[in-house]
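S.K.: Here it is, the structure, as structure tokens.
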Amino acid sequence: MKKLIFLFIASALILSSCENDNYAEPDAGIQGTVTDIITGKSLLTEQPNGFQIRNKEISWNGTDIVIDDPDLYSRKFWGRADGTFTNTKMFAATYQITPVNGAFHTVDIQTVELKSGKMTTIDFNVLPYVSFSNVSIVKDPANSLGIIATFTVNVHATESEPATIRNYRLFATNRSPYVGAFAFDDAVSSANDVALTPAQLGNPITIKQAGFVKGKTYYLRLGARCKESPQDRYNMTEIVKLEF
């Protein structure tokens, strides 16, 4: 008798687990661009490990519930190296959206209502910790297998958030056009991060690098970072392509 009861319960559980899921799949989404307010262009970064978009649904939150921690009950997804982002798998609801974990100062949260079957565009402006000016990365006229990079580093603080410069570095590789802190070749990049003092800010800096191989195409860019940057992330220049 006990065996029959057990078999009946087991069968009921199996049948119930095979019932169709009545929940509709997420069919709302967001897309947008993170713009660097210093350059007025899309934020230059990396993918992944460039920046994330934090989204927190607040539709369920009653007026008597106060949540001070912005990360509590939130989700994140990675943005692209060109500063754009897309998420096509979100439920229709009201969300708080903001870029986080990038080499920029804190960004104001935007609240947006997502509709079923619709992509909603939401854009952000950010102040980077570091910006570059007068950037030039060209072949060295005195060395056919070398380059000369010249540039100026500037830092940007706010009244509530400092920006303490740490270092800069040249990144180069022939393996991928997506060169950066996670894709570079030691032989043709700066051996280490180069310490940068406040006195050097706003003044021209020159890097000479040799060791490039004839017949190969290389991708190069510069990076610099501040102490306050999340996960030691770099602010980046545009990628330059050079053929040797």
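A short reminder: the numbers here are calculations on the coordinates, not readings from a lab. Since the structure is predicted, the reported quantities are computational estimates derived from the model, not experimental observations. Here the Cβ is made from the backbone with ideal geometry for all residues, glycine too, and neighbour counts use every protein chain on show.
S.K.: Sort 212-225, 192-205 for me by packing, meaning the mean count of neighbouring Cβ atoms within 10 Å per residue, highest on top. Before the final figure, lay out the partial values.
M.R.: Values: 212-225: 19.2, 192-205: 12.1.
Highest mean packing first, the order is 212-225, 192-205.
S.K.: Give me, ordered by chain and number, the residues 5 or more places off N167 or on other chains with an amide H under 5 Å from its own placed amide H.
M.R.: Those qualifying (amide H under 5 Å, at least 5 residues apart or on another chain) are L196, R225.
S.K.: Based on the Cα gyration tensor of the range 104-167, what are the three equivalent ellipsoid semi-axes, each the root of five times an eigenvalue, rounded to whole Å and given largest first?
M.R.: Semi-axes, largest first: 39, 21, 7 Å.
S.K.: Same structure again: Treating each Cα of the range 130-243 as an identical point scatterer and ignoring solvent, apply the Debye formula and state log10 I(q)/I(0) at q = 0.16, 0.18, 0.19 Å⁻¹.
M.R.: -0.70, -0.87, -0.96
S.K.: Per residue, what volume in Å³ does the convex hull of the Cα atoms of the range 28-126 enclose? Working shown, then result.
M.R.: Details: hull volume 9.2 nm³, N = 99.
Convex hull volume per residue, Cα atoms: 92 Å³.
S.K.: How do 151-157, 78-84 rank on mean C-beta neighbours within 10 Å, highest first? Could the numbers behind the result be given before it?
M.R.: Details: 151-157: 17.6, 78-84: 19.3.
Highest-to-lowest ranking by the protection proxy: 78-84, 151-157.
S.K.: At 222 nm, what helix-only mean residue ellipticity would the chain give, in deg cm²/dmol to the nearest 500, using -39500 (n - 2.57) for each DSSP H run of four or more? Walk me through the intermediate numbers first.
M.R.: Working: 1 runs with 16 residues, N = 244.
For the chain, the value works out to -2000 deg cm²/dmol.
S.K.: Compute the projected area of the convex hull of the Cα atoms of the chain, averaged over all viewing directions, and report it in nm² to one decimal place.
M.R.: Details: hull surface 85.0 nm².
Average of the hull's projected areas for the chain equals 21.2 nm².
S.K.: Can you count the Lys pairs in the range 92-244 with C-alpha separation below 17 Å, eight or more apart or on different chains? It would help to have the intermediate numbers written out before the result.
M.R.: On the way: K139/K208; K139/K214; K139/K216; K139/K241; K208/K241; K214/K241; K216/K241.
The result is 7.
S.K.: Can you give the local net charge around E243? Use residues other than it whose beta-carbon is closer than 12 angstrom to its beta-carbon, Lys and Arg +1, Asp and Glu -1. Could you put the intermediate results ahead of the total?
M.R.: Numbers: positive: K139, K214, K216, K241; negative: none.
Charge balance in the 12 Å sphere: +4.
S.K.: In whole Å, what is the distance between the alpha-carbon centres of the range 189-207 and the range 133-151?
M.R.: So the separation of the two Cα centres works out to 15 Å.
S.K.: Excluding A195 itself, what net charge comes from residues whose Cβ is under 13 Å from its Cβ, given Lys and Arg +1 and Asp and Glu -1? Working shown, then result.
M.R.: Working: positive: R166, R169, R225, K227; negative: D193.
So the environment of A195 carries a net charge of +3.
S.K.: Continuing with this model, one more query. So for the range 28-126, taking the charge dipole from beta-carbon charges (+1 Lys/Arg, -1 Asp/Glu), which of T88, S74, L114 sits furthest toward the positive end?
M.R.: T88
S.K.: Would you mind counting up the charge near Q209? Only other residues with Cβ under 14 Å from its Cβ, with Lys and Arg at +1 and Asp and Glu at -1.
M.R.: Here the count lands on +1.
S.K.: Hey, another quick one. Could you give the angle, 0 to 90 degrees to the nearest 10, between helix 2-17's Cα long axis and the longest principal axis of the Cα atoms of the chain?
M.R.: 50
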